[in-house]
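*Asks:* Below is the structure I would like to discuss, written out as structure tokens.
The values are calculated or read from the model by the stated rules, or taken from the named source; none is laboratory data. As the structure is a computational prediction, the values presented were derived from the model and not from experiment. Here the Cβ is made from the backbone with ideal geometry for all residues, glycine too, and neighbour counts use every protein chain on show.
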Amino acid sequence: MTIVRRTSALLAALVSLLALVGVARLIAPATGGVSRQPPGVDRQLSYLRAALDDGAGEDAQAMFPEGWFFAHALYGLAWVETGLRQPSEERDAALREARWALTRLESPAGTAPFSPDLTPAYGVFHAGWTNWLRGGVLALQPAQHRDPAEVRRFAAASTALAAAFDASASPYLVAYPGQAWPVDSTVAMASLRLHDHLLPPRFDRTARRWLDGVRQRLDPRTGLLPHRADPVTGEPAEVARGTSQSVIQRFLPEVDPAFARDQYLRFRTEFVVFPLRLGPAVREYPRGLDGPGDVDSGPLPLGVSFSATVVTLGAAQVQGDDALAGALANYGELVGFPLDTPHTRRYAFGLLPIGDAFLAWSKTARPWVSAPPDAPPVTVPPWWRTPLVVLLLLLGVLPWLLRRRFRRRRSSPPGPVASTPAVGLLP
């Protein structure tokens, strides 16, 4: 019995400890805003580099067509975000890792899934994200010490992108033959704004023409950029969706902050929800509309996309919506099961490194071109943590209550036993 009692006490203590850790993760700050490095991201980047060296990019590629590319691009971009928070003389590690990621994107493995015959070469998805990272590498360097070859490559790639936009009747260039997603062109256009921020400006007219075309081709249901567009005309071909909107809202402030604020408020109204009142999350389809998931969104329990929820953390931070960014980060700390070692941190038990890449990139989000905006009206209720904290506290107390009840039942004396007269002995 002593062994049973000790084992039950140990299990009850373990459950209580896990519940208390969950409460701490819900309450402790999990973001750093635009100036401070978020807690744990440095160790997360250490884990990601080791995972990429061990084949995490190839694993991600087996899951979706841009998996290898995204795994390396987001790793490099998170290092840029990290470096921009540091003094210029302390950016050597960030610059080294961002350059390493950039060489991977420009390598044959980085271009393999894309067609060189598109305009721009390899399509706007590859061209836009790669050019954004090129600009990030330059942003890490003091202007007077920038590598001339890197400056030339960034200027040449930006010129090719601008020429493709100027020659297109649609604001949305193709990413694959016959396929166009507005989110990809938004990233590419942000890279042109970054060019004009870092180097002598050249592409303002291109950006303004692009914005005019976008405003004429919004999704009629939501007033947002559509998820998919006709590759020739740019007219909406699919309703706005959370996976693409979360990225659009991250980059659009770099192109036009005023237009981006209007789009962000619409997005927040249509897509940010509190399922079961247990915390903020992002729907894949706008309120009142359901649809199937895909490789980008993943499964959609209660209509929620986990990938869109993670990326929206970064979009909220870029928009100055610290209340929503903080709530999404704390919720992620609770449900993401982070595992820490002295040198690494990984989420979801390390089973999905590409998810860690998206999370590190989102937590470190900050504007690169535009000034940090004023905070939008707060929509996260101040009590949002309360139901989760109550559930965790109940979970922590429940094993002890069950253990106490079990011990009482075992220690209770047996009740009186009624005697039965023996047959044949009655008078």
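*Asks:* Which members of the range 3-36 meet the condition of being small (Gly, Ala, Ser) and farther than 22 Å from Asn330 by Cα?
*Replies:* Ser8, Ala9, Ala12, Ala13 - these are the residues of the range 3-36 that are small (Gly, Ala, Ser) and farther than 22 Å from Asn330 by Cα.
*Asks:* Same structure again: Within the range 24-36, how many residues turn out to be crowded, with 17+ Cβ neighbours inside 10 Å and either assigned to a helix (DSSP H, G or I) or touching a His at 6+ places or on another chain (Cβ under 7 Å) (or both)?
*Replies:* Within the range 24-36, residues that are crowded, with 17+ Cβ neighbours inside 10 Å and either assigned to a helix (DSSP H, G or I) or touching a His at 6+ places or on another chain (Cβ under 7 Å) (or both) number 2.
*Asks:* Got a number for residues in the range 326-352 being under 18 Å from Pro38 (Cβ atoms) and assigned to a helix (DSSP H, G or I)?
*Replies:* 11
*Asks:* Listed residues Asp212, Asp204; which is surrounded by fewer than 17 Cβ atoms within 10 Å (Cβ to Cβ) and in contact with a helix residue (DSSP H, G or I) (Cβ under 8 Å, 6 or more places away or on another chain)?
*Replies:* Asp204
*Asks:* Out of all the residues in the range 187-234, which are over 30 Å from Arg153 (Cβ atoms), touching a residue at least 24 places away in the same chain (Cβ under 8 Å) and of a type in the set (D, E, K, R)?
*Replies:* Once the filter is applied, which keeps residues that are over 30 Å from Arg153 (Cβ atoms), touching a residue at least 24 places away in the same chain (Cβ under 8 Å) and of a type in the set (D, E, K, R), the range 187-234 yields Arg215, Arg217, Arg221, Arg228, Asp230.
*Asks:* Can I ask one more? Can you tell which of Gly279, Gly288 is at pLDDT 95 or above, on the phi > 0 side of the Ramachandran plot and assigned by TED's automatic domain parsing to the domain that holds Thr312?
*Replies:* One residue alone meets the criteria, Gly288.
*Asks:* Answer with yes or no whether Ala56 is more than 16 Å from the chain's Cα centre (by Cα), surrounded by 17 or more Cβ atoms within 10 Å (Cβ to Cβ) and modelled with pLDDT of 95 or more.
*Replies:* Here the answer is yes, as Ala56 does meet what is asked.
*Asks:* I've got another one for you. Select the helices (runs of 4 or more DSSP H) contained entirely in the range 69-168, then report the ones holding at least 2 residues which are in the same structural domain as Val232 (by TED's automatic domain parsing) and among the acidic types (Asp, Glu).
*Replies:* Here the list reads 92-105, 148-167.
*Asks:* Okay, next question. Of these, Leu395, Leu401, which one is assigned to a helix (DSSP H, G or I), loosely packed, with under 13 Cβ neighbours inside 10 Å and not assigned by TED's automatic domain parsing to the domain that holds Leu45?
*Replies:* Leu401
*Asks:* Going by the conditions given, is Val390 outside the structural domain of Ile248 (by TED's automatic domain parsing), at pLDDT below 90 and of a type in the set (A, V, I, L, M, F, W, C)?
*Replies:* So Val390 fails the test.
*Asks:* For the range 353-366, give me each residue that is assigned to a loop (DSSP other than H, G, I, E, B) and buried (at least 17 other Cβ atoms within 10 Å of the Cβ).
*Replies:* Result: Thr364, Ala365.
*Asks:* Moving to a separate point now. Return yes or no: is Phe349 closer than 19 Å to Ala71 by Cβ, at pLDDT below 95 and of a type outside the set (Gly, Ala, Ser)?
*Replies:* Here the answer is yes, as Phe349 does meet what is asked.
*Asks:* Do you know which residues across the range 232-273 are buried (at least 16 other Cβ atoms within 10 Å of the Cβ) and either on the phi > 0 side of the Ramachandran plot or part of a loop (DSSP other than H, G, I, E, B) (or both)?
*Replies:* Selection gives Gly234, Val239, Ala240, Arg241, Asp256.
*Asks:* When you look at Leu199, is it modelled with pLDDT of 95 or more and in contact with a helix residue (DSSP H, G or I) (Cβ under 7 Å, 6 or more places away or on another chain), yes or no?
*Replies:* Considered against the rule, which asks whether it is modelled with pLDDT of 95 or more and in contact with a helix residue (DSSP H, G or I) (Cβ under 7 Å, 6 or more places away or on another chain), Leu199 comes out as yes.
*Asks:* Hey, another quick one. Of the residues Pro65, Pro39, which is at pLDDT below 95, surrounded by fewer than 16 Cβ atoms within 10 Å (Cβ to Cβ) and assigned to a loop (DSSP other than H, G, I, E, B)?
*Replies:* Pro65
*Asks:* Listed residues Val369, Val335, Val318; which is under 16 Å from the mean Cα position of the chain (by Cα) and under 23 Å from Trp79 (Cβ atoms)?
*Replies:* Being under 16 Å from the mean Cα position of the chain (by Cα) and under 23 Å from Trp79 (Cβ atoms) holds for just one of Val369, Val335, Val318, which is Val318.
*Asks:* Please find, within the range 180-214, the residue that is nearest to Ala143 (Cα to Cα) out of those that are of a type in the set (Gly, Ala, Ser) and assigned to a helix (DSSP H, G or I).
*Replies:* The qualifying residue nearest to Ala143 (Cα to Cα) is Ser191.
*Asks:* Of the numbered conditions (1) part of a helix (DSSP H, G or I); (2) crowded, with 24+ Cβ neighbours inside 10 Å, Val282 fails exactly one; give the number of that condition.
*Replies:* Result: Val282 fails condition (1) only.
*Asks:* Moving to a separate point now. Any idea how many residues of the range 64-116 are among the small types (Gly, Ala, Ser) and without any contact (Cβ under 8 Å) to a residue 60 or more places away in the chain?
*Replies:* So the answer is 10.
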